[in-house]
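Take a look at the structure below.
The values are calculated or read from the model by the stated rules, or taken from the named source; none is laboratory data. Note that this is a predicted model, so its numbers are computed, not measured. Neighbour counts are summed over all protein chains in view; Cβ atoms, including those assigned to glycine, are modelled from backbone coordinates with ideal geometry. Ligands, DNA and RNA are stripped out before the accessible areas are found, and what is left, the full protein with its side chains, is counted by its heavy atoms. Shrake-Rupley method; radii C 1.70, N 1.55, O 1.52, S 1.80 Å.
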Amino acid sequence: MKKRTLLKKVNKMFIFDRKNYRLMLIGLLLIGLGFILMSGADANTNPKGIYDKNYFNEDIFSFRRIRLAPIFIITGFIVQIFGILSAGEADNEADNEKV
């Protein structure tokens, strides 16, 4: 019996539930993936990887950098917010006990 009550006390010490932490981790991974997709050579780097002030790299306006990466980043922030604001299972059990 002591182990069960000890485990319940330990579980209540955490602010978020396991589901919340998973959602926040998924959101963080989406944000990181978005920034990785957005990275690449700058506007004045030629295909050989050498800086050339007379060369303009059109790749900075690619679909991956302009459309896809920001979608991943915004989705990651939405998942983060949902992970923080969603009620965990412990909160639902506490609400049921009050009734």
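Taken as a whole, the condition of being within 17 Å of Tyr21 (Cβ to Cβ) and at pLDDT below 90 does not apply to Ala43. Within region 48-71, restricting attention to residues that are more than 29 Å from Leu29 (Cα to Cα) and in a loop (DSSP other than H, G, I, E, B), the residue that is farthest from the chain's Cα centre (by Cα) is Asn54. Restricting attention to region 33-57, and to residues there that are without any contact (Cβ under 8 Å) to a residue 40 or more places away in the chain and open to solvent by less than 50 Å² (accessible area, probe 1.4 Å), which single residue is nearest to Ile71 (Cα to Cα)? Looking at residues that are without any contact (Cβ under 8 Å) to a residue 40 or more places away in the chain and open to solvent by less than 50 Å² (accessible area, probe 1.4 Å), I get Leu37.
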